[in-house]
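Since the structure comes first, as structure tokens, the remarks are kept for the end.
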Amino acid sequence: MRVTASIVNYNDFENTQNAVRSILSYTGSRDFMLYVVDNSSGPESAQKLKALFPEIEVIRSEKNKGFGAAHNLVIKAVDSVYHAIINPDITVEDDVIGSLCAFFDGNPDIGIACPATFFPDGRLQLLPKRNPTLQYLIAGRLPFGRAKRIRSHYVMEDENLGEVQDIEFVTGCFMFARTDLLKRVGGFDERYFLYLEDADLTREILAHARAVYVPFVRVTHNWNRKSARSIRYFFIHIASVIKYMKKWNKINTGSKKEAF
């Protein structure tokens, strides 16, 4: 296949089927294959998806491996030119995959990209980011003036995001990358269960190619910030922050990729 894509479903059947239906509706099937990894949602979930969409490949994991590890099941197996990593709460309204393929064909120095991402009500989500730091991440949870300015810098509001822009952090809700680069860096670092594995993967790929924001390609993201509402996901987020900072030498003075 010229292009492959993967969606990870974990107890989110309704969103997942909407995402699959949306993507298949606008993407030509001749050179495209969509994989859904069911991350131990229950035996019926994978069966229902396959029954609804016989043209996709459904992989059932008996264990919830986390976001990155589940996507790696597909990344390690495919032999495509390009691969898209898509959240189950994403929908599209045109041939996003085809547009990104054409853009990458014309820009061989680009390794990974994300499209412009919108809420269902049409508001733009501020997802292109600079590399995470503790200051940026803390400021994102504080409401007052200086924190807002720090957050604004983190999400690159001071840059021209109306045109293709180099970025340091490609959001995991929709990543489009060269498959050979994903394989070269080993896919996602599976030591992250959830959160910041996308920032980590972007940094790995940046050692080989550019990462960019592509504003003329649009997707809709029904964003559900679980870490802001759930104590369990909040602590998973904190654990990922610590792992990320240790690996990329933001907490200690050891090597850039110190073991967790």
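The values are calculated or read from the model by the stated rules, or taken from the named source; none is laboratory data. Keep in mind that what you see is a predicted model, and the values were worked out from it rather than measured. Cβ atoms come from the backbone with ideal geometry, glycine included; neighbour counts cover every protein chain shown.
Counting the residues of the range 190-206 that are under 13 Å from the mean Cα position of the chain (by Cα) and assigned to a loop (DSSP other than H, G, I, E, B) gives 3.
Annotation note: Cβ proximity below 9 Å between a residue of the range 177-194 that is over 24 Å from PHE103 (Cα atoms) and touching a residue at least 40 places away in the same chain (Cβ under 8 Å) and a residue that is among the aliphatic types (A, V, I, L, M) and part of a loop (DSSP other than H, G, I, E, B) (sequence gap 6+ or interchain) occurs for ARG191/ALA259. When each of ILE86, ILE167, ILE90, ILE97 is tested for being at pLDDT 95 or above and touching a Lys or Arg at 6+ places or on another chain (Cβ under 8 Å), the lone residue that passes is ILE167.
Say we look at the range 134-156 and pick out the residues that are in a helix (DSSP H, G or I) and of a type in the set (Phe, Trp, Tyr); which of these is modelled with the highest pLDDT? Can you show your working first?
As a first pass, look at the range 134-156 and keep what is in a helix (DSSP H, G or I): 134-139, 145-154.
When the remaining residues are screened for being of a type in the set (Phe, Trp, Tyr), the result is 136, 154.
Numbers: TYR136: 73, TYR154: 86.
Within the range 134-156, the match that is modelled with the highest pLDDT is TYR154.
Looking only at residues in the range 52-63 that are surrounded by fewer than 16 Cβ atoms within 10 Å (Cβ to Cβ) and not acidic (Asp, Glu), the one that is modelled with the lowest pLDDT is LYS63. The condition of being in a strand (DSSP E or B), in contact (Cβ under 8 Å) with a residue 60 or more places away in the chain and among the hydroxyl-bearing types (Ser, Thr, Tyr) holds for only one of THR4, THR16, that being THR4.
Only residues that are outside any helix (DSSP H, G or I) and under 19 Å from the mean Cα position of the chain (by Cα) were counted across the range 60-83, and they come to 10. Here the range 32-44 is the region considered, the condition is being of a type outside the set (Phe, Trp, Tyr) and under 22 Å from the mean Cα position of the chain (by Cα), and the residue that is farthest from ILE90 (Cα to Cα) is SER40. The set of residues in the range 94-112 that are free of Cβ contacts under 8 Å to residues at least 60 places away in the same chain and in a helix (DSSP H, G or I) comprises ALA102, ASP105.
Within the range 28-51, work out how many residues are crowded, with 18+ Cβ neighbours inside 10 Å and part of a helix (DSSP H, G or I). So the answer is 3.
Taken over the range 119-130, the criterion of being outside any loop (DSSP other than H, G, I, E, B) and surrounded by fewer than 16 Cβ atoms within 10 Å (Cβ to Cβ) is satisfied by LEU124 alone.
Within the range 69-79, does at least one residue satisfy the condition of being charged (D, E, K, R) and in contact with a Gly (Cβ under 9 Å, 6 or more places away or on another chain)? Yes. Of everything in the range 86-118 that is polar (S, T, N, Q) and either within 21 Å of ILE238 (Cβ to Cβ) or within 16 Å of the chain's Cα centre (by Cα) (or both), the residue that is surrounded by the fewest Cβ atoms within 10 Å (Cβ to Cβ) is THR91.
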